[in-house]
1. From the list ALA44, ALA19, ALA10, ALA54, which residue is in contact with a Lys or Arg (Cβ under 8 Å, 6 or more places away or on another chain), part of a helix (DSSP H, G or I) and either open to solvent by 60 Å² or more (accessible area, probe 1.4 Å) or not assigned by TED's automatic domain parsing to the domain that holds ALA216 (or both)?
2. From the list ASP87, ASP117, exactly one residue is loosely packed, with under 15 Cβ neighbours inside 10 Å and either at pLDDT 95 or above or outside the structural domain of LEU34 (by TED's automatic domain parsing) (or both). Which is it?
3. Report yes if some residue within the range 220-230 is within 10 Å of the ligand (Cβ to nearest atom), open to solvent by less than 50 Å² (accessible area, probe 1.4 Å) and either free of Cβ contacts under 8 Å to residues at least 60 places away in the same chain or touching a His at 6+ places or on another chain (Cβ under 9 Å) (or both); otherwise report no.
4. Consider the range 183-209. How many of its residues are open to solvent by 10 Å² or more (accessible area, probe 1.4 Å) and either under 22 Å from the mean Cα position of the chain (by Cα) or away from the ligand (no atom under 13 Å from the Cβ) (or both)?
5. Could you say whether any residue in the range 259-282 is over 30 Å from ASP35 (Cβ atoms) and not assigned by TED's automatic domain parsing to the domain that holds GLU62?
6. Going through the range 153-163 one residue at a time, which ones are within 14 Å of VAL225 (Cβ to Cβ) and either within 15 Å of the ligand (Cβ to nearest atom) or open to solvent by 20 Å² or more (accessible area, probe 1.4 Å) (or both)?
7. List every residue pair whose Cβ atoms lie under 7 Å apart, where the two residues are 6 or more positions apart in sequence or sit on different chains, the first residue falls within the range 88-117 and is on the phi < 0 side of the Ramachandran plot, and the second residue, located anywhere, is open to solvent by 60 Å² or more (accessible area, probe 1.4 Å) and of a type in the set (Gly, Ala, Ser).
8. Inspect all residues belonging to the range 121-135 and state whether any of them is within 15 Å of the ligand (Cβ to nearest atom) and either over 18 Å from the mean Cα position of the chain (by Cα) or open to solvent by less than 40 Å² (accessible area, probe 1.4 Å) (or both).
Amino acid sequence: MARLLDGKAAAAEVRAEVAEGVAELAAEGRPVRLDVVLVGDDPASVTYVRNKQADSAEAGIESRAHRFPDSVSQKELVALVEKLNGDAAVSGFFIQLPLPGGLDSLDLISRIEPAKDVDGLSPQSAGRLAVGLPSLLPCTPHGIVQLLRRNGIELEGREAVVLGRSNLVGKPLAQLLLRENATVTVCHSRTRGLAEVARRADVLVAAIGRRELVGAEHVKEDAVVVDVGIHRRGDGGLTGDVRFEEVERKAAWISPVPGGVGPMTRAMLLYNTLQAARSAAGG
Ligand code: NAP
């Protein structure tokens, strides 16, 4: 039976470390502040922002939300991004995605100063990661690497297979795993023989957004399996991209949904905000 990659416990560790760092900066008269741009009233986005603000408050990070109706123009949002870039009181900020139709999110994200890009999703941040320059790392992939590390899972020299190649998860995760000296394969919807490729993995990460597609046939005996997917079940609960009960019997480690990658993603946003505040404070 697989051991659990407990994201709640690892995230609590990260949050406690961040709270300590935030308190140190505050004691030096450098309060840490995270701003968020929220457009429209999509219930999921509103809930995500509320949770992120509650997490910030718990870590001692001040958080301000800039809310706009769906009718806001690209120009107004560009002006806000430029204002936040230039405001020394703002340690970092992010734009809650997705934006309503008609707004160009890539254009806006591209304008965020890399030093304040706490989501780590701008093309500049992605490029810096790819060429090995210091940058703020995207929260979900970084959270996955932290979850593995904090459970003592070795990555160097091991076969890692990432299912999914999105800019949000799959691609940056592949970069991070390379940085950890894993041998990395990235799969996507056109991959032939997905199960066969996945079975090569010592570390298998499922980030495809297909409910419970990954089963025992995709998993090598004693592999480490990380489930990034989030899907709402009929009964209101959550499930992932992996058939948990089936894979749990074959893998050495498995991350649950909920309680795996999700809490790590949230914690890494706080981590990035502290990093941004530290670099603004000169180290
Ligand atoms: P996405 O942008 O939809 O990307 C999905 C990727 O999976 C694409 O690269 C796609 O291939 C590939 N794919 C789709 N169906 C496939 C199949 N049958 N076989 C192989 N590959 C397939 O999704 P995402 O934003 O990366 O998110 C993935 C999942 O993670 C979603 O369930 C999302 O809700 C969840 N998520 C969770 C967290 C968290 O904090 N836990 C954070 C972010 C996302 P193509 O490129 O060829 O289309």
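The values are calculated or read from the model by the stated rules, or taken from the named source; none is laboratory data. Only a predicted model underlies this, so the values are computations on that prediction, with no experimental measurement involved. All Cβ positions, glycine included, derive from the backbone under ideal geometry; neighbour counts span all protein chains shown. To get the accessible areas, we keep the full protein, side chains included, count just its heavy atoms, and leave off ligands, DNA and RNA. Shrake-Rupley method; radii C 1.70, N 1.55, O 1.52, S 1.80 Å.
1. ALA10
2. Numbers: ASP117 fails: loosely packed, with under 15 Cβ neighbours inside 10 Å.
Only one candidate qualifies: ASP87.
3. yes
4. Kept after step one, since they are open to solvent by 10 Å² or more (accessible area, probe 1.4 Å), are these residues of the range 183-209: 183-186, 188-197, 199-200, 202, 207-209.
With the extra rule that they be either under 22 Å from the mean Cα position of the chain (by Cα) or away from the ligand (no atom under 13 Å from the Cβ) (or both), the set shrinks to 183-186, 188-189, 199-200, 202, 207-209.
Residues that pass the stated criteria total 12.
5. Residues of the range 259-282 over 30 Å from ASP35 (Cβ atoms): none.
No, that holds for no residue.
6. Passing the criteria: ARG158, GLU159, VAL161, VAL162, LEU163.
7. SER91/ALA280; ALA115/SER279; ALA115/ALA280
8. In the first step, residues of the range 121-135 are kept if they are within 15 Å of the ligand (Cβ to nearest atom); the result is 121, 126.
With the extra rule that they be either over 18 Å from the mean Cα position of the chain (by Cα) or open to solvent by less than 40 Å² (accessible area, probe 1.4 Å) (or both), the set shrinks to none.
No, there is no match, as no residue in the range 121-135 is within 15 Å of the ligand (Cβ to nearest atom) and either over 18 Å from the mean Cα position of the chain (by Cα) or open to solvent by less than 40 Å² (accessible area, probe 1.4 Å) (or both).
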